[in-house]
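Trainee: The structure under discussion is supplied below as structure tokens; questions concerning it will follow.
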Amino acid sequence: MKALKAVRGMHDIQPNDTELWRFVEREIKAVLQQYGYQEMRLPLLEMTALFQRGVGENTDIVEKEMYSFLDRNGESLTLRPELTASIVRAGIEHGLFYNQIQKIWSMGALFRYERPQKGRSRQFHQCSVECFGVQSPASDAELMMICARIWSRLHVSEYLKLEINTLGSQIERQAYRMSLVDYLTPYTNDLDEDSQRRLISNPLRILDSKIPLTQDILSQAPTMQDYLGSESTAFFEQICILLDQRQIKYHINPQLVRGLDYYSHTVFEWKTEQLGSQGTVCGGGRYDGLVEQLGGKATSATGFAIGFERLLLLLEATLVKDRLLKKEEISVTLVISSPESIPYSMDLLESIRNHFPKIEVLSAWSGSLKSQIKRAYAMGSQLALMIGDQEVSGKTITIRFLKEDNKTETITKQALFELLQNQTVNHNNIESLSAD
Ligand code: ATP
Ligand code: MG
């Protein structure tokens, strides 16, 4: 029989890794809370038309990456390849955009049929952060500050560089697109195959090409800057001023266009050199046209998405992960010498959990003394609670201090609780002193 395996490009997140996932999720949520963002949870499946209209027919996603199928009613559905279109769909459906500012985040799994490699999988995860109803460039700058704050909390600021660009208004972009096509058309045969196709379908994406000859040709091409009106220029400059004021470093990259159709004015990416060619950890921009395009009334909108897999790879590659997950909780492990100790021990552990909700209370309930103690070390416990016949009959506990030369002591339950109480208090003090 053929072995059952996960679908290619779709990965299990194993118990050893989920702690880091939860840590990163928690930090990101804490920052978003500070800026007044609220969570939205959305279906994994949407009508295919949503992404065709929302992401754009001529994008990589819609052209070749979507998992689409007909359901039993013959309706075409798609596993969501991104979150923004779904958030906008839901916002319109529930009337969230009527003269209101909405700050929304959503996290979860996305699906794209791509060639799996490091930092690129077919099921991956994003946190998408969207601000609706604010026309000011301050909201774009604020989004970049949110990112900067997240990087700082995760200790990866030094590895992530911000690149920004402006695509101007729709009218300015159209004029630029025409001049770019005029410039590139005589070189059609020298362009790579993808770019030849894009010359007709989505010419701005050619700027994004990694092919050296295409890049050579582009070096003399007209730039978006030449087509920006004074309002667009001022909008972009205001973002730069706000970033400068907060000393957030950025590089203006006139070639930055982003893969999705719906952007206007601001686009930005946070990139790292630590992950090879999948170096973009986060991307975003302004998409003032999307709400209207999907059937709502015209609404200013700007947002970004962080790719979890790449962010976690960065935490691992830079060894920041080990620092972040240094065990801080108080942990105790039960070690029993025989099954007869189980009823007494079970009572004791449940009672510890009742009184100390923050203490991790571990037990294996079986195995040799040696293997149980080994496990207590491996789990990072500070204390082993050793229970044998003597402890059961005397209603005591022999504690072993695993981090202090294995000092042992036999004490009453009351004394144990006092000890745990003191440890918890000390622990909290250390925490509150170190928070700045
Ligand atoms: P790329 O150019 O690398 O394909 P993209 O422009 O398609 O990225 P977006 O749709 O803007 O990416 O998504 C934002 C972020 O989501 C990316 O910066 C990346 O971190 C992550 N991401 C996108 N596609 C994948 C994937 N297939 N596997 C893992 N992460 C991904
Ligand atoms: Mg892509």
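Trainee: Under 30 Å between alpha carbons, and skipping anything fewer than 8 positions from Lys358 in its own chain: which lysines qualify?
Mentor: Leaving aside lysines fewer than 8 places away in the same chain, those within reach of Lys358 are Lys29, Lys321, Lys326, Lys327, Lys370, Lys374, Lys395, Lys403, Lys407, Lys413.
Trainee: What is the magnitude of the charge dipole of the chain about its Cα centre, with +1 placed on the Cβ of each Lys and Arg, -1 on the Cβ of each Asp and Glu, and no other charges, expressed in debye to the nearest 20?
Mentor: The calculated dipole for the chain is roughly 940 debye.
Trainee: Hey, another quick one. Write down the percent of antiparallel bridges among all DSSP beta bridges whose residues are both part of the chain, to the nearest 5.
Mentor: Just about 80 percent of them are antiparallel.
Trainee: Also: Please state the equivalent ellipsoid semi-axes for the chain: what are the square roots of 5 times the Cα gyration tensor eigenvalues, largest first, in whole Å?
Mentor: Working through the eigenvalues yields semi-axes of 53, 24, 21 Å.
Trainee: A further question on this structure: In the stretch 285-394, what percentage of the DSSP-assigned beta bridges are antiparallel, given to the nearest 5?
Mentor: Roughly 20 percent of the beta bridges in the stretch 285-394 run antiparallel, per DSSP.
Trainee: A follow-up question, please. Towards the positive end of the charge dipole of the chain, with charges on Cβ (+1 Lys, Arg; -1 Asp, Glu), say which of Leu213, Cys127, Thr424 has the farthest Cα.
Mentor: Sorting the options by dipole projection puts first Thr424.
Trainee: If DNA, RNA and ligands are ignored and the probe is 1.4 Å, what is the ranking of Arg115, Arg41 by accessible area, most exposed first?
Mentor: So, going from the largest accessible area down, we get Arg41, Arg115.
Trainee: Here's something else I'd like to know. What are the ³J(HN,Hα) couplings of the stretch 275-291, residue after residue, when phi is run through the Karplus curve with 6.51, -1.76, 1.60 and θ = phi - 60°? Round to Hz, x for glycine and proline.
Mentor: The phi angles translate into 10, x, 6, 8, x, 8, 8, 8, x, x, x, 8, 9, 4, x, 5, 4 Hz.
Trainee: Here is a follow-up. How much length would be gained if the chain were fully extended between Gln100 and Glu316, taking 0.36 nm per residue of separation minus their Cα-Cα distance, in nm to one decimal?
Mentor: 73.7 nm
Trainee: Still on this structure, please answer the following. On the protein heavy atoms, probe 1.4 angstrom, tell me the percent of accessible surface of the chain carried by carbon and sulfur.
Mentor: 50
Trainee: What are the ³J(HN,Hα) couplings of the stretch 72-82, residue after residue, when phi is run through the Karplus curve with 6.51, -1.76, 1.60 and θ = phi - 60°? Round to Hz, x for glycine and proline.
Mentor: Karplus-based 3J(HN,Hα) across the stretch 72-82 equals 5, 8, x, 8, 7, 10, 9, 5, 4, x, 6 Hz.
Trainee: What ³J(HN,Hα) values, in whole Hz, does the Karplus curve 6.51 cos²θ - 1.76 cosθ + 1.60 give for the stretch 144-159 when θ = phi - 60°, with x put for Gly and Pro?
Mentor: Ordered by residue, 3J(HN,Hα) equals 5, 5, 4, 4, 4, 5, 5, 4, 5, 4, 9, 6, 10, 3, 5, 9 Hz.
Trainee: Once amide H atoms are placed 1.01 Å from N in the peptide plane, what residues at a sequence separation of 5 or more from Leu383, or on another chain, have their amide H within under 5 Å of its amide H?
Mentor: Distant-sequence amide H within range of Leu383: Ser331, Thr333, Leu402.
Trainee: Under 5 Å between amide hydrogens, which residues at least 5 positions from Tyr250 or on another chain qualify, with H placed 1.01 Å from N in the peptide plane?
Mentor: HN-HN under 5 Å from Tyr250: empty list.
Trainee: Turning to a different aspect of this structure: Assigning unit charges at the beta carbon (Lys, Arg +1; Asp, Glu -1) and nothing else, what dipole magnitude in debye, to the nearest 20, does the stretch 196-344 show about its Cα centre? Please report the intermediate quantities before stating the final value.
Mentor: Values: 15 positive and 17 negative charges, 38 e Å.
In debye, rounded to 20, the stretch 196-344 gives about 180.
Trainee: Where does the stretch 329-426 land on Rg/Rh, using Cα atoms and the Kirkwood Rh?
Mentor: Dividing the radius of gyration by the Kirkwood radius yields 0.92.
Trainee: Among Ile28, Ser381, Gly307, whose Cα projects farthest towards the positive end of the dipole of the chain, with charges put on the beta-carbon of Lys, Arg (+1) and Asp, Glu (-1)?
Mentor: Checking the options against the dipole of the chain, the answer is Ser381.
Trainee: Putting +1 on Lys and Arg Cβ atoms and -1 on Asp and Glu Cβ atoms, find which of Asn58, Thr233, Ser152 reaches farthest to the positive end of the dipole of the chain.
Mentor: Ser152
Trainee: For the stretch 329-426, give the share of DSSP beta bridges that are antiparallel, in percent and rounded to the nearest 5; count only bridges with both residues there.
Mentor: On the way: 10 of 19 bridges.
Here the share of antiparallel DSSP bridges comes out near 55 percent.
Trainee: Quote the relative contact order of the stretch 49-159 in percent (integer), defining contacts as alpha-carbon pairs under 8 Å separated by 6+ residues.
Mentor: Relative contact order, the stretch 49-159: 20 percent.
Trainee: Can you send over the solvent-accessible area of Arg80, 1.4 Å probe, protein chains only, in Å² to the nearest 10?
Mentor: Rounded to the nearest 10, the figure is 10 Å².
Trainee: Next question. Suppose every K and R has +1 on its Cβ and every D and E has -1 on its Cβ; what is the size of the dipole of the stretch 329-426 about the Cα centre, in Debye to the nearest 20?
Mentor: With only Lys, Arg, Asp and Glu charged at Cβ, the dipole is about 220 debye.
Trainee: Another one. Just want to confirm a number: the relative contact order over the stretch 329-426, from Cα pairs under 8 angstrom separated by 6+ residues, in percent.
Mentor: 30 percent.
Trainee: Which length gain, in nm to one decimal place, applies between Met1 and Ser179 when the Cα-Cα distance is subtracted from 0.36 nm times their residue separation?
Mentor: 58.1 nm
Trainee: Okay, next question. Determine the distance separating the Cα centre of the stretch 1-44 from the Cα centre of the stretch 301-340; give it in Å without decimals.
Mentor: Centre-to-centre (Cα) distance: 13 Å.
Trainee: Moving on. Taking all protein chains together and a probe of 1.4 Å, list Phe356, Phe235, Phe69 from the most accessible to the least accessible. Don't skip to the answer; put the middle values down first.
Mentor: Working: Phe356 15, Phe235 35, Phe69 90 Å².
Order by accessible area, largest first: Phe69, Phe235, Phe356.
Trainee: In Å², what does the accessible area per residue of the chain work out to with a 1.4 Å probe? Kindly include the intermediate steps, with their values, before the conclusion.
Mentor: Numbers: 23090 Å² over 436 residues.
The answer is 53 Å² per residue.
The values are calculated or read from the model by the stated rules, or taken from the named source; none is laboratory data. Everything numeric here is computed off the predicted structure, so don't read it as measured data. Note: ideal-geometry Cβ built from the backbone for every residue, glycine included; neighbour counts use all protein chains shown. When the accessible area is computed, the model is the full protein with side chains, heavy atoms only, and any ligands, DNA or RNA have been set aside. Shrake-Rupley method; radii C 1.70, N 1.55, O 1.52, S 1.80 Å.
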